[in-house]
Amino acid sequence: MSRYNARESEPRWREAWAAAGVDKAVEDRSRPKYYVLEMFPYPSGRIHIGHTRNYAMGDVVARYKRARGFNVLHPMGWDAFGMPAENAAIERKIHPAAWTYDNIAAMRDQLKLMGLSIDWDREIATCDPAYYAQQQRLFLDFLDAGLVKRRKSTVNWDPVDHTVLANEQVIDGCGWRSGAPVEKRELTQWFFSITDMAEELLSAIEGLDDWPEKVRAMQSNWIGRSEGAEVSFRLAPNDLVPDHETITFFSTRPDTIFGASFCAVAPDHPLALALSNKVEGLAEFQEECRRMDTTEEAFETAEKKGVRTGLEIIHPFDSDRRLPVYVANFVLMSYGTGAIYGVPAHDQRDFDFATKYELPIIPVVSPDGDPEYRIGDAAVPGAGVMINSDFLNGMDSDAAKSEVMNRYEGAGLGRRKTNYRLRDWGVSRQRYWGCPIPVVHCETCGVVPLRKQDLPVLLPDDVSFDEPGNPLDRATDWKTTTCPTCGGAATRETDTMDTFVDSSWYFARFCSPRDSEPTNRDAVDYWLPVDQYIGGVEHAILHLLYSRFFARAMNDTGHLDSTAREPFSSLFTQGMVCHETYQTADGKWRAPEEVLRTADGATLRDSGEPVSVGASTKMSKSKKNVVDPEDIIEQFGADTARWFMLSDSPPERDVEWTASGVEGAWKHLQRVWRLVVDAAQLPDADDATDGPAIRAAHRAVHAITEDIEAFRFNKAIARLYELTSQLAGVTDDSTVRTATKMMVRAMFPFTPHFSEECWRLLGGDTLLAASPWPEIDARFLADDVVTLPIQINGKKRSEIKVSPDADQKQIEALVLQDPVVMKHLDGAAPRKLIIVPKRIVNVVA
RNA sequence: GCCCGCGUGAUGGAAUGGUAGACAUAGCGGACUUAAAAUCCGCAGGCUUCGGCCGUGCCGGUUCGAGUCCGGCCGCGGGUACCA
């Protein structure tokens, strides 16, 4: 009996597809387009199993849509700038470019083994000057349009590596590489004005119907819109800061103004800075706050502390009331106005602060309407009836909110204001391996953008990585240049762009990857938006939000069609690939290939030492629970790997990689192969011939089509298992060969090489890769007879077989004659008889 | 704290309000074989006095009928946060 030989077959079919050019995407306006894209990988050096699941899903979609007559664009590229390349340069004395391009070459070879239908002619790498030169053009256009700004901001500064760190690179207050405590510094940085688009980015989420609800919620929360009042209250006359007359506050609860018992400003608020040397202990307190790291956990435990300034605010509605002003560590300069008035009764932070400093806690909102309402040992947020609030007493808190804001506006104290949590996107990085920012610093003209004809600004090759800091700062020859405006001496900007910039527009570049402009309008108008984007949920906020911003910015600067402001019309976030973990008694992690797994435990293969089996978690080097896709492909072939990864769990959920599961997938393909070998000996049936096999095939493919459309790949595969058993079980049926051919075609998106091999064996003389999806014939879907379950009082007791077009009376008669029904009714008439056609019967006794 | 998800056999998971557990993995039994592997066939939620009864995290509701819808809990996972 012959076996399917993946190792021999798979390369042969990949060559055949390449020779036929089936993966090439050309603009063809006579056909509907379909752009399917998986998030492009960072070229770390090896393809990870998680990548392969991601690309397998995209490939199913690409191959299916192509078979459905769509003109498919399915490209691949490399998110190739970033720190690991510089770290490699530091540790191994390899140039980042050499390291990166070696990795790309290795990963491209690995990816090709999977048999993905990718148009490799469109491959791009973001570190390629041909790519980042276009990014520099976009930067200049954005600058021109006011979408890029340069300003001072507080950053995380690593004092050992002499560089700015992203928030994610600060771990427990220390630099992730140097381990040194991170400082906050004021640096002048480049920003994309994403906050200008906050409202549009938020409201447009509404229209992203084919995005996961989860991602939409995360983006909404991240943008974080809140409505309230921005008001300025007068400071009582004082000698400390005579030129400060007011403090401006933001509050979402103007209704609680009569509950205010203190005010607080951020340590870096202008007023606090002005007071630094005039209030005892303040300068030290501010220094302490600066040292406090910016990560989340630190705040969790940090005590609320402040320094009383001696200043007082005059209550806006009661000029006899004075609110002491503090500088407090829990007030952030980066949100609102950097100043709050504290209402301890209705805000937990204010409550904690007031308790510590023995400030009054005045309830002003009574949840149950009781005017004598008292606060316990925690603040009570939420709505209610106003109490202790002068002219607001008795009002509903929502109405009070509106009333107070009206009074503020009437008195010229302030206005209604919407604030966003979203911050502008700081893109400056003091790094070498990134896209240079195309501006110069001129002694006379200041910051001057380059002219487009001066682009690209190429990264210098000759740089050293043996000192900390940004190598570009030390690249003197490169840095020294002339000013495009005055021709005088100038130095280049040495900041490079955040790598998230690179990935914010690559989907547009794929439409015309070699064009001399960032985009070709004909190409992007045809291909965009991406019809199906697939990637990990870890990019739910940053990458996807930045891309949404970029699509709009490119729109506004004429690089994209003005009608399409969303880049990805449908988004799918796939689950991770997990694996059991193994540990020996001494606590050391062991790799799956070292372990012999039995039904009730595991031992080491070589020594027989017992191994404890731990939870299945995301594959990671530290836990050694990693499977190398190349090993799997070597052993079983790409199709087996693809089949298994999609078969076991719904695509949005994590899948557990198991050796037995992969073997099961491999066995199944061999089973199909035997079926195909047998079927190849049989004659074809003509289209009209009916039989159990062809019926089973049409039904299965009908369902599989719906499953693929709905991203239910696991169910599609389950149906293919079922169909295989059905075809193997029929005897004496002249439609077996025809049905087998249909099954092989339906398997094609999942197991393309294997399906081609089967197809050829069954006499196919075309490539399945260029063949249409099987047509469903409705004749073969209809039932001759349907089985109706019979429930009595909602519990299944019996069933009857009826013709599908039997009418209610016929069914009723059959039901009442059913022995089980007769027994339960015991001569009585049913109280009610519910007949759902072709579904179920319920007898209410 | 807030915002999302999710709780179904030993396991991954199926089930437009209509036969709960498709399909797969592991397991058990059998066939073939000197034997093993491979392959093929079959069994498989729990309890039962063999009539049935119970069963989708828990409690209640809607319905002829609830894993599915509604209300309230419990548990797990993810995201996010001194955001005023």
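Observations
- Members of region A:216-233 that are in contact with a helix residue (DSSP H, G or I) (Cβ under 7 Å, 6 or more places away or on another chain), more than 8 Å from RNA strand B (Cβ to nearest atom) and either open to solvent by 40 Å² or more (accessible area, probe 1.4 Å) or not in a strand (DSSP E or B) (or both): A:216, A:219, A:223, A:225
- Among the conditions (1) more than 15 Å from RNA strand B (Cβ to nearest atom); (2) out of contact with any strand residue (DSSP E or B) (no Cβ under 8 Å at 6 or more places or on another chain), residue A:611 misses just one, which is (2).
- Residue A:31 meets each of the listed conditions (1) without any contact (Cβ under 8 Å) to a residue 60 or more places away in the chain; (2) among the charged types (D, E, K, R); (3) open to solvent by less than 40 Å² (accessible area, probe 1.4 Å) apart from (3).
- Looking across region A:312-340 at every residue that is more than 8 Å from RNA strand B (Cβ to nearest atom) and in a loop (DSSP other than H, G, I, E, B), the one that is surrounded by the fewest Cβ atoms within 10 Å (Cβ to Cβ) is identified as A:320.
- One residue stands out among those in region A:466-506 that are in contact (Cβ under 8 Å) with a residue 60 or more places away in the chain and of a type in the set (S, T, N, Q): the one that is most open to solvent (accessible area, probe 1.4 Å), which is A:499.
- Region A:393-438: number of residues that are more than 16 Å from RNA strand B (Cβ to nearest atom), in a strand (DSSP E or B) and over 30 Å from residue A:467 (Cβ atoms): 1
- Of the candidates A:463, A:427, A:440, A:457, the single residue that is surrounded by fewer than 21 Cβ atoms within 10 Å (Cβ to Cβ) and of a type outside the set (Lys, Arg) is A:463.
- Of all residues in region A:310-330, those that are over 14 Å from residue A:238 (Cβ atoms) have Cβ atoms under 9 Å from Cβ atoms of residues that are within 15 Å of RNA strand B (Cβ to nearest atom) and of a type in the set (S, T, N, Q), 6 or more apart or on another chain, in A:327/A:286.
- Residues located in region A:264-275, provided they are surrounded by 24 or more Cβ atoms within 10 Å (Cβ to Cβ) and either within 11 Å of RNA strand B (Cβ to nearest atom) or modelled with pLDDT of 95 or more (or both): A:264, A:265, A:266, A:267
- Residue match in region A:791-804 (condition: open to solvent by 80 Å² or more (accessible area, probe 1.4 Å), under 21 Å from residue A:699 (Cβ atoms) and within 13 Å of RNA strand B (Cβ to nearest atom)): yes
- Residues within region A:346-377 that are assigned to a loop (DSSP other than H, G, I, E, B) and over 37 Å from the mean Cα position of the chain (by Cα), tallied: 18
- Exclusive hit being touching a residue at least 40 places away in the same chain (Cβ under 8 Å), surrounded by 15 or more Cβ atoms within 10 Å (Cβ to Cβ) and near RNA strand B (Cβ under 8 Å from one of its atoms), set A:704, A:708, A:717: A:717
- Residues satisfying the stated conditions in region A:650-665, i.e. assigned to a helix (DSSP H, G or I), more than 6 Å from RNA strand B (Cβ to nearest atom) and open to solvent by less than 40 Å² (accessible area, probe 1.4 Å): A:662, A:665
Results for (1) surrounded by 14 or more Cβ atoms within 10 Å (Cβ to Cβ); (2) of a type in the set (Asp, Glu); (3) touching an Asp or Glu at 6+ places or on another chain (Cβ under 7 Å), shown as yes or no for each residue.
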| position | (1), (2), (3) |
| --- | --- |
| A:164 | yes, no, no |
| A:180 | yes, no, yes |
| A:195 | yes, no, yes |
| A:205 | yes, no, no |
| A:213 | no, yes, no |
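- Residue A:606 meets the conditions (1) at pLDDT below 90; (2) surrounded by 13 or more Cβ atoms within 10 Å (Cβ to Cβ); (3) of a type in the set (D, E, K, R) in every case but one. The failed one is (2).
- Cβ-Cβ contacts under 6 Å between residues 6 or more apart (or on different chains), taken from a first residue in region A:533-557 that is closer than 28 Å to residue A:52 by Cα to a second residue that is part of a strand (DSSP E or B) and more than 11 Å from RNA strand B (Cβ to nearest atom), are listed as A:533/A:37; A:533/A:568; A:533/A:571; A:534/A:38; A:534/A:572.
- Contacts under 9 angstrom Cβ, first residue in region A:646-669 being in contact (Cβ under 8 Å) with a residue 12 or more places away in the chain, partner hydroxyl-bearing (Ser, Thr, Tyr) and near RNA strand B (Cβ under 6 Å from one of its atoms), 6 or more apart: A:647/A:721; A:648/A:658; A:655/A:649; A:656/A:649; A:664/A:658; A:668/A:721
- Filter result (among the acidic types (Asp, Glu) and either surrounded by 20 or more Cβ atoms within 10 Å (Cβ to Cβ) or touching a residue at least 40 places away in the same chain (Cβ under 8 Å) (or both)) within region A:724-758: A:733, A:756, A:757
- Residue match in region A:688-701 (condition: among the basic types (Lys, Arg), within 10 Å of RNA strand B (Cβ to nearest atom) and surrounded by 15 or more Cβ atoms within 10 Å (Cβ to Cβ)): no
- Leading residue by the ranking (nearest to residue A:832 (Cα to Cα)) among those in region A:760-790 that are among the aliphatic types (A, V, I, L, M) and open to solvent by 50 Å² or more (accessible area, probe 1.4 Å): A:785
- Options A:815, A:843, A:821; residue that is open to solvent by less than 50 Å² (accessible area, probe 1.4 Å) and near RNA strand B (Cβ under 9 Å from one of its atoms): A:843
- Close pairs (6 angstrom Cβ cut-off, 6 or more residues apart or separate chains): open to solvent by less than 80 Å² (accessible area, probe 1.4 Å) in region A:1-21, not in a helix (DSSP H, G or I) anywhere: A:6/A:637; A:10/A:637; A:14/A:115; A:20/A:767
- Look at (1) touching a residue at least 60 places away in the same chain (Cβ under 8 Å); (2) open to solvent by 40 Å² or more (accessible area, probe 1.4 Å); (3) within 16 Å of RNA strand B (Cβ to nearest atom) and you find that residue A:390 fails only one, number (3).
- Residue count, region A:444-463 (criterion: of a type in the set (Lys, Arg) and either under 34 Å from the mean Cα position of the chain (by Cα) or in a helix (DSSP H, G or I) (or both)): 1
The values are calculated or read from the model by the stated rules, or taken from the named source; none is laboratory data. The model shown is predicted, which means the values in this text are computed figures rather than measured ones. Don't worry about glycine lacking a Cβ; one is built from the backbone with ideal geometry, like all the others, and counts go over all protein chains shown. Accessible surface is based on the protein model in full, side chains and every heavy atom, while ligands, DNA and RNA are left aside. Shrake-Rupley method; radii C 1.70, N 1.55, O 1.52, S 1.80 Å.
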